[in-house]
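These notes concern the structure reproduced below.
The values are calculated or read from the model by the stated rules, or taken from the named source; none is laboratory data. As the structure is a computational prediction, the values presented were derived from the model and not from experiment. Because the Cβ atoms are built from the backbone with ideal geometry, glycine has one as well, and the counts that use them run over all protein chains shown. Heads up: the accessible areas ignore ligands, DNA and RNA and are worked out on the full protein's heavy atoms, side chains in. Shrake-Rupley method; radii C 1.70, N 1.55, O 1.52, S 1.80 Å.
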Amino acid sequence: MPGGPSADPHYRNPVVAGFYPDPSICRVGDDYYLVCSSFEYFPGVPLLHSRDLVNWRQVGNVLDRPSQLELPADTPASQGVYAPTIRHHDGRFWVVTTNVSLGRHLIVTAQDPAGPWSDPVYLDLPHVDPSLAWDDEGNCWLTTSGVKSYRIDPDTGRVLEGPIPLWSGTGGQYPEAPHLYRIDGWWYLLLSEGGTHTGHAVSVARSRSPRGPFAPAPTNPILTHRGSNLPVQATGHADLVQSLDGSWWMVLLGIRAKGQWPPYHVLGRETFLVPVRWVDGWPVVDPVEEVTAAPAGSAPALAAPAEAGAYHDDFDAAVLAPGWVSPRSRPDAAWSLTARPGWLTLNATGTTLDRAGATIVATRQRHHDCRASARLDPGGGTAGLTIRIDEAHHYDLEVSAGRVRVVGRVGPFRQVFAELAVPPGPLVLTIATRTHDLRPPTVTCAADLSPGAAPFGVRAAACDMVAFEVETSDGPRVLAELDGRYLSTEVAAGFTGRVIGMYVTEGSAAFDWFDYRPAG
């Protein structure tokens, strides 16, 4: 089997922070490409590039036009596009994924992973988490959760053989995320089981044929953090890649929960990287650490630079950067970079963020402690910044009719927490998050922290605090600070994480710039 990676230097996990779940990876020469789930957001399937497996940059989205990605207006949060797989075969890049809102798998291809990607070839087959593999005879195998396999024609979507039951794991619930690999004369089947939360685990089996039978590894699961107190939890949904030097690596998802019992995670499921070694013909991985031995040939710093992950957009480009997402769709009439050059103009398509259909352009929150600011000219409209998980869980810093206010929506409850009169014209708004300092178990109300922010008490268990700030003639002023647990997956449910972005719900508004950076 190939040798293992160098033990020094080190890198920090996650390698892709924030709501980038269900990673799949492939290598072509010196280049690595990674795709992740996007669920109800458009454009779909973010595509990232790296030369060292540690430093990743989003270079595009695989499904970036309506002809590829149909998300009905009533698509629920955490529906849409699930679990893509990326592979390179016969000179082309292939991505297969499932649009659960349509109940169909789809395959798209590209010569250049940055795009353009083809229109989809659809497969009307059950289950989710599709993956592709090719055997030595050129047959293409599609595997899905379940776990079943089909021999298909990937250019037409025609099923040639199957379904063939393979191996459904060690007995954990939801056997899913199956991937087939041809390695040293064996077919390895990697899958996840136990559900995509704290019971998550990765198991493996092998066979001499892609049709099976598959024999499980004697040490399954080969990776799980269930029942542990490790800071990274829910480890699973993995994919393997071999580097140019022969070493092997695994990408997988995990969560970083914060706060006292129960902990809450707000950034969604993130992408982690672990080295793989081979023992007696089986892949072996160690627990996922936040500091891990680095890939051979790379030398990332032990501590990331202070500005790592910072992002600034002056909206001077001809197109929106690939990291901007919108719930379900982004109609051309909803936004413009040319109506007011150097500004992003947003036009209202819905009257409230509490229902689907509003105009939102957002980016993923990637740090527990961060600051997101924008310079907004509201004109006569209603617009602002929002931090959200879905229509029922969001906090907004909104400007309308000469006033700025902090609005919170949690489940069936909606409330204004603070208001302030502001002069006409552009102003700078900021949403900032900070990890909550654990205190003795006494109750502190948000009203004690800022005027007008009475409900949603802050306790020692809070994972983080979300502050809402406006620039005034006397300097920045914090209007309210709210408990971040209400914008967590544990409260909202679903598979996504927070996004922070710009919106308009009445008329039109223009944004001069947007700035995101880690804090603390």
- Message: Expected output is a single nm value to one decimal: the length gained when fully extending between residue 319 and residue 59, i.e. 0.36 nm times separation in residues minus the C-alpha distance. What is it?
- Response: 92.3 nm
- Query: residue 28 to residue 173: extension gain in nm, 0.36 nm per residue of separation minus the Cα-Cα distance?
  - Reply: 48.8 nm
- Cα gyration tensor of segment 1-83, axes a ≥ b ≥ c as square roots of the eigenvalues: rounded (a/c below 1.5), prolate (a/b > b/c) or oblate? prolate
- Task: Give the calculated FRET efficiency between residue 228 and residue 114 to the nearest 0.05, with a Förster radius of 35 Å applied to their Cβ-Cβ distance.
- Result: 0.35
- So what is the 222 nm mean residue ellipticity for the chain from helices alone, if each DSSP H run of at least 4 adds -39500 (n - 2.57) and you divide by all residues, rounding to the nearest 500 deg cm²/dmol? 0 deg cm²/dmol
- Query: How far is it, in nm, from the label point at residue 310 to the one at residue 347 when both lie 7 Å from their Cα along the line to the Cβ?
  - Reply: 3.6
- Compute the separation of the alpha-carbon centres of segment 32-92 and segment 328-351 and state it in Å as a whole number. 23
- Taking the simple approach of a point 7 Å from Cα along Cα-to-Cβ for both residue 277 and residue 369, what is their distance in nm? 3.5
- Message: Can you give the FRET efficiency to the nearest 0.05 for residue 403 and residue 67, using r as the Cβ-Cβ distance and R₀ = 35 Å?
- Response: 0.25
- Compute the Cα gyration tensor for the chain, then decide on rounded, prolate or oblate, letting a ≥ b ≥ c be the square roots of its eigenvalues: rounded whenever a/c is under 1.5, prolate when a/b is larger than b/c in the other cases, and oblate in all that remain. prolate
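Can you check what the net charge comes to around residue 382, using other residues whose Cβ is under 12 Å from the Cβ of residue 382 (Lys, Arg +1; Asp, Glu -1)?
Working: positive: 403, 405; negative: 396, 398, 506.
Net of charged neighbours comes to -1.
Within 10 Å, count the other beta carbons around each residue, average over each peptide in 149-155, 254-260, 103-109, and list them highest first.
Numbers: 149-155: 18.3, 254-260: 21.7, 103-109: 20.0.
The most tightly packed comes first, giving 254-260, 103-109, 149-155.
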- Once label points are set 7 Å from the Cα along Cα→Cβ at both residue 183 and residue 137, what is their separation, rounded to one decimal in nm? 2.5
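Given axes a ≥ b ≥ c from the Cα gyration tensor, I'd like to know whether segment 34-179 is rounded (a/c under 1.5), prolate (a/b larger than b/c) or oblate.
Numbers: a/c = 1.39, a/b = 1.18, b/c = 1.17.
Note, shape of segment 34-179 comes out rounded.
State in Å² the accessible area per residue of segment 210-360; use a 1.4 Å probe, count heavy atoms of protein chains only, and round to the nearest integer.
Numbers: 6500 Å² over 151 residues.
So segment 210-360 comes to 43 Å² accessible per residue, rounded to a whole number.
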- How long is segment 325-414 along each principal axis, judged by its Cα atoms, biggest number first, in Å? 36, 31, 25
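Can you tell me, using C-alpha contacts under 8 Å and at least 6 residues apart, the relative contact order of the chain as a whole percent?
Working: 1499 pairs, mean separation 78.1, N = 520.
The value is 15 percent.
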- Query: If ligands, DNA and RNA are left out, what is the accessible area of residue 481 with a 1.4 Å probe, given in Å² to the nearest 10?
  - Reply: 30
- Where does the Debye-calculated log10 I(q)/I(0) of segment 126-194 sit at q = 0.26, 0.28 Å⁻¹, using only Cα point scatterers of equal weight, no solvent? -1.19, -1.30
- Exposure of residue 15 as accessible area (Å², to 10), given a probe of 1.4 Å and all protein chains: 20
